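Visitor: Below is the structure I would like to discuss, written out as structure tokens.
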């Protein structure tokens with residue numbers, strides 16, 4: 001069934017403009033039966049796409065993996081990056097386009113971050129797109145997570161047929177995975193998903209999410225420092241990392257270190273690339289203080305740990321999400337708002 005959709009991407013995908021897409025799509029999302037019936041009953045649909053944006057700081061220390069996140073509220077409907085427990089010893093943090101919603105029908109088309117616990121264990125894949133993945137049991141499990149998220153994202157985005165003005169090479173979503181693997185130890189992966197299009201005829205495109213690329217950030221290569229890892233989204237808005245600020249002797253962090261000898265010790269271990277000598281309790285205290293310095297006013301923060309013996313646990317829980325309401329700002333955008341659609345108009 002062909003329907004008209006107005007897609008509003010809430011998230012400043014460049015430093016200057018809100019992305020707006022008006023496109024005709026064939027709406028055949030693979031949703032649960034009840035939701036699918038609701039979708040079919042909606043004649044004309046607006047789909048709002050909200051982004052999870054901010055920074056994710058990960059420290060692998062002596063007895064835990066610590067994950068700290070800070071929101072970058074690039075738009076009023078921005079989601080904070082939130083660690084999602086995927087198993088007792090694994091957490092995932094999804095950045096980018098996570099929330100697909102229809103304001104008119106009040107139907108949640110996809111909430112990809114909360115779906116993460118279900119996106120694993122179903123695929124055994126191989127091919128050139130996973131050539132960076134180590135051929136080990138733990139790598140195969142990472143592949144299955146990436147494959148399932150890839151397929152779920154294609155369900156959501158694969159039926160968009162207007163020309164999208166997405167920055168070339170920029171990921172539409174990134175998944176950070178941190179876990180302990182039996183007999184292997186701690187690992188941290190970054191999976192990046194890009195949006196591609198192929199023109200089938202004039203003003204009609206097939207839209208796809210590419211197979212993820214896999215980058216293993218932990219354990220580091222032999223001889224490389226064992227220290228803080230940081231991921232930021234959107235990439236063009238990246239700011240100096242916590243480790244960069246420590247190296248520059250930023251006065252705010254020098255003040256923290258001067259206040260407590262244990263804080264100084266933790267910072268020195270990170271700077272020396274010896275995070276394995278830090279116990280989780282001390283690293284937690286340091287990162288809590290660092291979050292307070294790094295976070296913009298009113299930015300939401302989270303912090304979680306994956307204990308070597310205790311598994312996943314919250315240190316700073318995410319605040320409850322406000323009740324969703326249709327955004328007047330999204331519905332009343334000016335006519336000259338930048339558009340992702342090039343050279344065509346709604347049919």
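Computed from the coordinates by the stated procedures, all read-outs in this text should not be read as laboratory data. Predicted model only: the values in this text are computed from it and were never measured. Cβ sites come from the backbone with ideal geometry, for glycine too, and all protein chains shown count toward neighbours.
Visitor: Quick check on the exposure proxy: order 199, 263 from fewest to most C-beta atoms within 10 angstrom. Walk me through the intermediate numbers first.
Guide: Values: 199 10, 263 19.
Taking fewest neighbouring Cβ atoms as first place, the list is 199, 263.
Visitor: Using the number of other C-beta atoms within 10 angstrom as an exposure proxy, rank 107, 316, 177 with the fewest first.
Guide: Numbers: 107 19, 316 16, 177 24.
Going from least to most buried by this count: 316, 107, 177.
Visitor: Another question about this same structure. Most exposed first by the Cβ proxy, i.e. fewest other Cβ within 10 Å, how do 247, 55 rank?
Guide: On the way: 247 13, 55 24.
Lowest to highest Cβ neighbour count: 247, 55.
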